[in-house]
Amino acid sequence: MESKNIIMSSKELDKGAIIKECLSGKYTNKEAGELLDVSDRQIRRLKGIVKKFGIMGLAHKLRGKPSNKKMPKDVEETIVDIILDKYWDFNPTHIWEKLAEQHNLFYSVETIRQIMITHEIWIPKSRKKNKEHRLWRERKDHKGEMVQYDGSYDDWFEGRLITNKLSCLLAGIDDTMGEITYAKFDTDEGVIPTMKFWMEYCILNGKPHLIYLDKHTTYKKNNLNQYKIFTKEEERTQFQLACDTLDIKVLNAHSPQAKGRIERLWGTLQNRLIKEMRLNNINTIEEANKFLMETFVPWFNKKYGVKPKEKTDFHRELTAAQIKKLPQIFCAKEKRVLSNDFTIQHNKIFYQLLKKQPCLLYRKAKITVEQHLNGEIKLSLKDKYLNFEILNARPAPKKKITMSEIKSKMRINASENKKSFYIPRNTKIFSKSPKH
């Protein structure tokens, strides 16, 4: 055995030195055993090895040789071909799962990662140095106690969606369990999609105790004039007013890190959901929403969900009255002032209030225009829906008469009166009736 092919540790070199001194007679077998914490029998065995092979004989015989458990070269090439064909943009953990599920290749995550690094399929990222000090917030104790909600714009369909390239994924994640409570694709993160999301959420899960979200204009009015006094309706968004009606608390985070659970969720979904939809050939929002709730969300919750500290669920079921009023609660509402001709205007459309109404109507009354989630428009006053009809054109205003027109009309009338009472020049006028 040549020394140039063997690398020995300092521990092995120390062991070899003690065995050599034992062979020279400095230590007895018992003393050498006490120094190395082994039995006399082991000392005799080690002395025989050193006599035959020298100190190098104490090194492991497989050192410098390939492992018996090393992956065969053909299997490694097969894995690389599969990755380059189907999973070229997957991360090592995702590929490891797919190789086990779809191809019956059962190896460790680290083995797959090292293969990808070796073949330059995966470049490991350097660890980010966090210069900010942040305190860790403990999870809530009960399910439904806090639901973190947000929307994420991305090319979820990788250009396969014809109508709009960028779509928005809305999702809520339970702070206690780390599970996705509800998620759906929509066009944007505006008022109507958000109202639809939470209406469906409350029907499916019940009302959460608290919704934790950012300061998007859908959820919070940020630029209020500090020198002006606002009413409760004026200073709160329509989403906040809807939550107030259902007794759901709303909390706005001051930074993305504060609601880190939902922010980390987007990283996972953008990494995994996009690729899963590609593998399942999903090209429409309807197919994506079905796949999301029936397949992906159950898998995600099973893999990443944790058990809550307490068993009590803080979601509250909707009452029959609340279920009936949900379309009225979750809708876009705007105020309009009733004109003198009993018409109002909304989105360039004129609505004529009819004579027969469930409540008393008066001019300058503030009418609430409700745009329901199904696109229907309703007008309400004092929680009662009003009867109206849509006008095809704007009502023609009454023509205003100027002073010059009034004077001209007076002259015409005066001249006409003068002509009607005109008396010829030679006609005698009697002040009294003539005597007969």
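The values are calculated or read from the model by the stated rules, or taken from the named source; none is laboratory data. Please read all numbers here as calculations on a predicted model, not as lab measurements. FYI the Cβ positions are ideal-geometry reconstructions off the backbone, even for glycines, and counts take in every protein chain you see.
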Query raised in the report: Taking residue 246, is it farther than 19 Å from residue 187 by Cβ, aliphatic (A, V, I, L, M), in the same structural domain as residue 178 (by TED's automatic domain parsing) and surrounded by fewer than 14 Cβ atoms within 10 Å (Cβ to Cβ)?
Result: no
Query raised in the report: Tally time: how many residues in the range 173-210 are under 19 Å from residue 246 (Cα atoms) and not charged (D, E, K, R)?
Result: 19
Query raised in the report: If you scan the range 68-89, which residues turn out to be exposed (fewer than 15 other Cβ atoms within 10 Å of the Cβ) and either of a type in the set (D, E, K, R) or farther than 22 Å from residue 122 by Cβ (or both)?
Result: 68, 69, 70, 73, 74, 77, 81, 85, 89
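Sort out which residues of the range 53-67 are surrounded by 16 or more Cβ atoms within 10 Å (Cβ to Cβ) and in a loop (DSSP other than H, G, I, E, B), and write them in order of number.
Matches in the range 53-67: 59 only.
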**Report entry** Search result, residues across the range 273-322 that are surrounded by 15 or more Cβ atoms within 10 Å (Cβ to Cβ), among the basic types (Lys, Arg) and part of a helix (DSSP H, G or I)
**Finding:** 275, 278
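For every residue, the table says whether it meets (1) modelled with pLDDT of 90 or more; (2) under 16 Å from residue 181 (Cβ atoms); (3) of a type outside the set (Ser, Thr, Tyr).
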site	(1), (2), (3)
259	no, yes, yes
263	yes, no, yes
270	yes, no, yes
275	yes, no, yes
285	yes, no, yes
291	yes, no, yes
319	no, no, no
**Report entry** Hey, residue 258 surrounded by 12 or more Cβ atoms within 10 Å (Cβ to Cβ) and either more than 30 Å from residue 138 (Cβ to Cβ) or in contact with a His (Cβ under 9 Å, 6 or more places away or on another chain) (or both) or not
**Finding:** no
Requested in this report: Go through 14, 40 for me and flag whichever is in contact with a Lys or Arg (Cβ under 9 Å, 6 or more places away or on another chain) and either in contact (Cβ under 8 Å) with a residue 12 or more places away in the chain or surrounded by 11 or more Cβ atoms within 10 Å (Cβ to Cβ) (or both).
Outcome: 40
